1. With the crude spin-label approximation of a point 7 Å out along Cα→Cβ, what separation in nm comes out for ALA83 versus ALA143?
2. At a threshold of 8 angstrom on Cα-Cα distance, excluding pairs fewer than six apart, so keeping six or more, what relative contact order does the stretch 85-196 reach in percent?
3. If R₀ is 30 angstrom, what is the calculated FRET efficiency for the pair GLU8 and HIS168, using the beta carbon separation as r and rounding to 0.05?
4. Under a point-charge model restricted to the Cβ atoms of Lys and Arg (+1) and Asp and Glu (-1), what is the dipole moment magnitude of the chain relative to its Cα centre, in debye to the nearest 20?
5. If ASP124, ASP176 are ordered by their accessible area, calculated over protein heavy atoms with a 1.4 Å probe, which sequence runs from highest to lowest?
6. Could you give the alpha-carbon Rg of the chain over 2.2 N^0.38 Å, rounded to two decimals?
7. If you place +1 on the Cβ of every Lys and Arg, -1 on the Cβ of every Asp and Glu, and leave all else neutral, what size is the dipole of the stretch 132-210 about its Cα centre, to the nearest 20 Debye?
8. Using only C-alpha positions, report the orientation-averaged shadow area of the convex hull of the stretch 124-210, nm², one decimal.
Amino acid sequence: TYAGLHGEVLLDNTRVLVEKYVVLPGQSTGRHNHSGNQLLVFIKGGVLTLHATGRSTLWKDGRVAWFSPTDRKDDGSTNTGGAPIEMDLVTLKPVPQAAAPGVRPKYQYLNYPNIPGEDLLENDLVIVQRFTVNPGQWEGVHAHHPDMLYIHVKGGQWAARSKKEPEHAYPAPTPDGEVGWMATIGIEEGHESGNIGKDPIDLIWVTLKK
């Protein structure tokens, strides 16, 4: 995808490939090839200057961008800031054969009863939302639909509870940039998570529509 960068695979399953890219100060991304339907998430933002036009853009932490195979290739950009830029690139894989009508649940926005989400992007393929979970805050009981990916812009110390499991802390804090594939959880399970750490957790959810 980026001719001048080497990606680190964070997650690879039947639906998505997630790769981490780091652009050091003064480093070029190289030619940018849109190899599929892709979501780019800036974990650590910065200033990228386009080779073709010289235009500089500030990408803040948590910003996202969408690319499709029909987008024009570009010559890439250079990190003209003073700190490394860290990006997670989510590439969607071809959709498997669709199930019969009525078999798969209807895809919806993730709903945390206690926390309003920020709608970052929606198209025919994905729903992208962002949530900030403050210290001591719990999301409220909610469901997780199939084919959901989470990306931590800012990690932290989580705890979880449900009707079947008493409240318990996760073994270790989640680091910045951590990604994972979420299991399907019905609303009847009474599932919710909370931030038991000292700093806010900044979390992006990607729901695949197809």
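1. If labels sit at ALA83 and ALA143, their model points lie 4.0 nm apart.
2. 27 percent
3. 0.50
4. Here the size comes out at about 400 debye.
5. Putting ASP124, ASP176 in descending order of accessible area: ASP124, ASP176.
6. It is 1.08.
7. 120 debye
8. Computed as one quarter of the Cα hull surface, the answer is 5.5 nm².
The values are calculated or read from the model by the stated rules, or taken from the named source; none is laboratory data. All of these numbers come straight from a predicted model, not from anything done at the bench. No Cβ is skipped: glycine too gets one built from the backbone with ideal geometry, and neighbour counts run over all protein chains shown. Protein only, heavy atoms only, side chains kept; ligands, DNA and RNA dropped before computing areas. Shrake-Rupley method; radii C 1.70, N 1.55, O 1.52, S 1.80 Å.
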